[in-house]
Amino acid sequence: MQAALWRRYGPPESLTLGEAPMPTPGPGEIRIRVHASTVTSGDARLRGCRGAGIFWLPLRLIYGLTRPRHPIPGMEFAGVVEALGPGVTGFAIGDRAFGLAPRGAHAEYLTMPETGCVARQPAGLSHAEAAALPFGALTALVFLRDVAEARSGERVLVHGAGGAVGVYLVQLARHFGLAVTAVASARHATRLRDLGAQQVLDRETGDFTTQGARYDIVLDTVGGTSLRAVRRILTPQGRHVFVNFATRELGAMLATRLRPGPRVLCGYAPGRQADLLTIRDLAAQGALRPVIGHRMPLAEITAAHALVDSGRKQGALVLDVIPAECQRPA
Ligand SMILES: NC(=O)c1ccc[n+]([C@@H]2O[C@H](COP(=O)([O-])OP(=O)(O)OC[C@H]3O[C@@H](n4cnc5c(N)ncnc54)[C@H](OP(=O)(O)O)[C@@H]3O)[C@@H](O)[C@H]2O)c1
């Protein structure tokens, strides 16, 4: 089968297109013909093994000390189940599935345990739309619900709202009944209002920490927002939440746990099947809309990674593994 190949850590050019053996589903596993995948900020980080601060070390221990242990990158996928391993009961051949694999999604086929982060696609979505959901929407769900413990009626500011995580934070926060302010460059403004942000602040012409408004939650998807400046605009029970963090933020999380007042929080979105089912239901109800900012064929894997590295991505970058016009419609 055709796949992107990842033989060494490095720049986008360290990825090539080549042939890989067809994976065989083991007991409890399904094989999916991948129609669409994405290149996420997580894929780009793994490609170069770029962990903030000391986090490169656990990344290397998990993914390979000197070079990637598994040769095929890619996490998000949408496609059709086309083979079942022994004992599979939850899926049937022909099911449209989507999910988040630990690796291997930038290929024509991948295998997943049926109990992994995989589910039937929401009705009515194309493969590209389904592939654009899991990474950003699962992260947004876990950070709003479990890390920030957001409650209806609270005011939330989302910094980096135009990216893959930000566009779902805005939608989910609105769905959970929060008042949403989005901070992003002006090119995202119309879309973010359409997704539910009551206010959109242009990050290039203003500083959200000096505008006089107070928030219960400031969610930073980019990293690096000033701990002191954000503390001043938080309510006494406020939470300054970092989706992207390093040792400075972890230190602040420990320090603010020991004193009264606003807290700094960091977290990790693990990719659970139960959460994917929640995302699927919200998408099926129309409460969550996939946001695709870019679309490229698998053959352009290097250019796709370079675009993600630029930091200027909007929503998800979909990688068409099967040409868009040949993907089986919903
Ligand atoms: N902890 C976890 O479990 C977890 C899970 C998923 C992702 N993450 C991390 O979360 C981060 C965001 O992920 P993502 O997928 O949303 O990234 P993304 O899709 O690449 O989007 C990044 C967004 O950030 C904005 N941006 C770039 N530089 C900026 C700056 N200096 N100031 C303000 N905004 C800036 C860009 O919008 P503009 O047009 O406004 O520049 C872009 O839309 C990544 O670092 C990722 O590794 C963590």
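Structure above, values below:
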| item | result |
| --- | --- |
| Cα centroid of the range 119-175 to Cα centroid of the range 216-230, whole Å | 18 Å |
| DSSP-defined beta bridges in the chain - what % are antiparallel, rounded to 5 | 55 percent |
| The range 68-221: antiparallel DSSP beta bridges as a percent of all, rounded to 5 | 40 percent |
| Packing-based ranking, highest mean first, of 36-42, 60-66, 295-301 given that Cβ atoms within 10 Å are counted | 36-42, 295-301, 60-66 |
| For Q327, distant residues with modelled amide H under 5 Å away | none |
| Which of L227, A140, F176, positive extreme of dipole for the range 136-266 (C-beta unit charges) | L227 |
| Antiparallel DSSP beta bridges within the range 136-266, as percent of all bridges there, nearest 5 | 0 percent |
| In sequence order, calculated HN-Hα J values of the range 210-226 (Karplus, 6.51, -1.76, 1.60; Hz; x Gly/Pro) | 10, 9, x, 8, 10, 9, 7, 9, 10, 9, 9, 8, 8, x, x, 5, 5 |
| For the range 115-128, Karplus couplings with θ = phi - 60° (6.51, -1.76, 1.60), whole Hz, Gly/Pro x | 8, x, 7, 9, 7, 5, 5, x, 4, x, 9, 7, 4, 4 |
| For peptides 144-153, 219-228, sequence by mean Cβ density within 10 Å, most packed first | 219-228, 144-153 |
| Angle in degrees between helix 273-285 and the longest Cα principal axis of the chain, rounded to the nearest 10 | 80 degrees |
| Mean Cβ count within 10 Å, highest first, over the residues of peptides 260-268, 171-179 | 171-179, 260-268 |
| Distance from the range 39-92 to the range 294-312 (C-alpha centre basis), Å | 17 Å |
| The range 169-221 shape via C-alpha gyration tensor axes, a/c threshold 1.5 | oblate |
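Here, each number is a calculation from the coordinates, and none is a lab measurement. A quick note: this is a predicted structure, and the numbers were derived from the prediction, not measured. Glycine gets a Cβ as well: all are built from the backbone with ideal geometry, and neighbour counts include every protein chain shown.
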